[in-house]
Amino acid sequence: MSRHLVWLRLDLRSRDHAALQAACRDPDSEVVAVYLHTPGQSARHDLGARRSAFERDALAALQPTLARLGIPLVQAELDDYAAIPAWMVERVRAWGIGAIHAHRALEIYEQRRDEAVAAAVATEACRLCLYDDVCILPPGRVLTRDGRPFTVFSAFKKAWLQQLPTVAAAQPQPRPRRQHFLPLCAEPTPVKPQEQDWPAGEAAALAALDAFVAQGLADYAWARDRCDLAGSSRLSPYLTLGCLSARQCLHALYRQGPVDAPGAASWLNELCWRDFYKHILVAFPQVGRHQAFQAATDALPWRYDELEFARWREGRTGFPIVDAGMRQLLQTGWMHNRLRMICASFLAKDLFIDWRWGERHFMQHLLDADLAANNGGWQWSASTGNDAVPYFRVFNPWLQSRKVDPQGHFIRQYVPELAAVQEVHTPVLRHADYPAPMLDHGQARQRVIAHFRALRGDSAQLGLWADDGS
Ligand SMILES: Cc1cc2nc3c(=O)[nH]c(=O)nc-3n(C[C@H](O)[C@H](O)[C@H](O)COP(=O)(O)OP(=O)(O)OC[C@H]3O[C@@H](n4cnc5c(N)ncnc54)[C@H](O)[C@@H]3O)c2cc1C
């Protein structure tokens, strides 16, 4: 009788799960699933309480699903990754595990953790088997003709689309085990209050995917840019925790009809961005260590003003659309994509505060906090990344506000001080409870452009940036 351990990470589901499938391949094998909480490590990686609670809820939802498949779920709390090899060796020995199955991590600390575990359990004649399952197409698969990673999204997407037909079908749940060697509910997880907008777990994630594809996709191409509408899928918290695989999203797209229809093509484009940033993180691991992709931009004289940073964080900038976005983040743990771009541009360009401060704040508060996507989004917005917005493009918060929230419904919801104000985008009167704009956007724009131009003058490398002559 062989015994297998499935080491769950950001893949909290039972369907379309390569590691679980592999562990269950032999119908007679006994399988145990393990999830290791490492709060010390999470704190070092800036992951906030909200995402951790969502993760615990997703595990609580997964436990009975796995129990029905005859797979006990064991959870343990260790401080950090350094404690994992010894824990695994002890369990492998106690349970007689022949193989550990898990999905290949893309981040550098997680890769080192896995190397250490593989070496430790090898002493017990146990193998750590890793499977590519996080992206639709795994890092290393989408390369230029001469085998280099793409750094420009449009070229990456062209090659990615050509390879899409090779993506395997989504896998169903494995068949229930005939027997198990641990009690099925050995360590039940207390159920916590659920996130209102994101009920935890795989079933909720699949229901949200089905609902979006049936009702949201047709209008997605235009509605995605409106923060006053539920125009995008809002699946990112589920995708980040792996309650849903990106492959399942792709196959849901295939099932609904042609993928070149406007809504479907536009959504496929976003799934491609998800893969793109993960491929970038693997090919250029320095971006995961808080370094700018365009290393020369680290010489910019970024500002570090704590008081101004606090006003941005708390939504007290006096720019209603920025404040509404920042308050949405604090209240719900999520922010609309256009608002992430507007708020990030405001911090990095208008306030000229180091984008890493903003990146960290988003990591601490987002339910969908994901190193690759968050870093990619911040470096794009700050013009420090690969294929980033050109440095001279500085989002105008007044104009953006009218585009993303034409009637001001969203602003009134999150900035109640302005609920009764007619001209909500550019409030002309001073309102007792609402601050005046903290800066002059035109002057701020000139300042950031001047800094980038001065840097460009100093550095030949900055020929990488196009200039529209403005
Ligand atoms: C500054 C900044 C920070 C960001 N931080 C994160 C983050 O920590 N985690 C995260 O998942 N996304 C992040 N994004 C990307 C994007 O804003 C969110 O993925 C999106 O808003 C999620 O909403 P949705 O699920 O309705 O997306 P949809 O529009 O329905 O897109 C479907 C899925 O595609 C993926 N996706 C969409 N846009 C992007 C993108 N630009 N980059 C990478 N993946 C994308 C997400 O998984 C998303 O759920 C960030 C963007 C910016 C500008």
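Listed by position, the helices (runs of 4 or more DSSP H) inside the stretch 49-157 whose residues that are within 30 Å of residue 197 (Cβ to Cβ) number at least 1 are 49-68, 108-122. Could you please find all residues in the stretch 438-469 being at pLDDT below 95, polar (S, T, N, Q) and within 28 Å of residue 309 (Cβ to Cβ)? Correct list: 459 only. Residues of the stretch 231-262 that are in a loop (DSSP other than H, G, I, E, B) and more than 22 Å from the chain's Cα centre (by Cα): 257, 258, 259, 260, 261. The residue pairs whose first member lies in the stretch 269-292 and is among the small types (Gly, Ala, Ser), whose second member is part of a helix (DSSP H, G or I), and whose beta carbons are closer than 7 Å, counting only pairs six or more residues apart or on different chains, are 288/108; 288/281; 288/371; 288/375; 292/298; 292/379. Restricted to the stretch 332-409, the set of helices (runs of 4 or more DSSP H) holding at least 3 residues that are in contact with a Leu (Cβ under 9 Å, 6 or more places away or on another chain) and either more than 8 Å from the ligand (Cβ to nearest atom) or within 15 Å of residue 225 (Cα to Cα) (or both) comprises 337-345, 355-365. Only one of these conditions is not met by residue 278: (1) within 22 Å of residue 404 (Cα to Cα); (2) near the ligand (Cβ under 9 Å from one of its atoms). Which number is it? Residue 278 satisfies all of (1) within 22 Å of residue 404 (Cα to Cα); (2) near the ligand (Cβ under 9 Å from one of its atoms) except (1). Remark: pairs (first residue in the stretch 296-316, in contact (Cβ under 8 Å) with a residue 60 or more places away in the chain; second residue of a type in the set (Asp, Glu); Cβ separation under 6 Å; 6+ apart in sequence or on different chains) = 315/323. One residue stands out among those in the stretch 369-401 that are over 30 Å from residue 43 (Cα atoms) and of a type in the set (A, V, I, L, M): the one that is farthest from the chain's Cα centre (by Cα), which is 399. More than 24 Å from residue 164 (Cα to Cα), free of Cβ contacts under 8 Å to residues at least 60 places away in the same chain and either surrounded by fewer than 16 Cβ atoms within 10 Å (Cβ to Cβ) or under 20 Å from the mean Cα position of the chain (by Cα) (or both), is that true of residue 118? No; evaluated as a whole, the condition is false for this residue.
Considering the conditions (1) surrounded by 16 or more Cβ atoms within 10 Å (Cβ to Cβ); (2) outside the structural domain of residue 352 (by TED's automatic domain parsing); (3) not in a helix (DSSP H, G or I), residue 317 is excluded by exactly one of them, (2).
Any residue that is of a type in the set (Gly, Ala, Ser), outside the structural domain of residue 367 (by TED's automatic domain parsing), closer than 18 Å to residue 243 by Cβ and within 24 Å of the chain's Cα centre (by Cα) - is there at least one of those in the stretch 61-79? Yes, because at least one residue in the stretch 61-79 is of a type in the set (Gly, Ala, Ser), outside the structural domain of residue 367 (by TED's automatic domain parsing), closer than 18 Å to residue 243 by Cβ and within 24 Å of the chain's Cα centre (by Cα). Scanning the stretch 289-307 for residues being buried (at least 18 other Cβ atoms within 10 Å of the Cβ) and either part of a helix (DSSP H, G or I) or of a type in the set (D, E, K, R) (or both) gives a total of 1.
Taking the listed residues 233, 266, the one that is within 26 Å of residue 12 (Cβ to Cβ) and either more than 16 Å from the ligand (Cβ to nearest atom) or hydroxyl-bearing (Ser, Thr, Tyr) (or both) is 233, with no other qualifying. Filtered by the rule that a residue be more than 14 Å from the ligand (Cβ to nearest atom), assigned to a loop (DSSP other than H, G, I, E, B) and surrounded by 21 or more Cβ atoms within 10 Å (Cβ to Cβ), the stretch 194-230 gives 200, 201. If you go through the stretch 98-154 and pick out every residue that is within 27 Å of residue 387 (Cβ to Cβ) and among the β-branched types (Val, Ile, Thr), you end up with 7. Yes or no: the stretch 138-153 includes at least one residue that is on the phi > 0 side of the Ramachandran plot, in the same structural domain as residue 65 (by TED's automatic domain parsing) and small (Gly, Ala, Ser). Checked the stretch 138-153: no residue is on the phi > 0 side of the Ramachandran plot, in the same structural domain as residue 65 (by TED's automatic domain parsing) and small (Gly, Ala, Ser).
The values are calculated or read from the model by the stated rules, or taken from the named source; none is laboratory data. Owing to the predicted nature of the structure, the values given are computational and were not obtained by experimental measurement. Cβ: placed from backbone, ideal geometry, glycine included. Neighbour counts: every protein chain shown.
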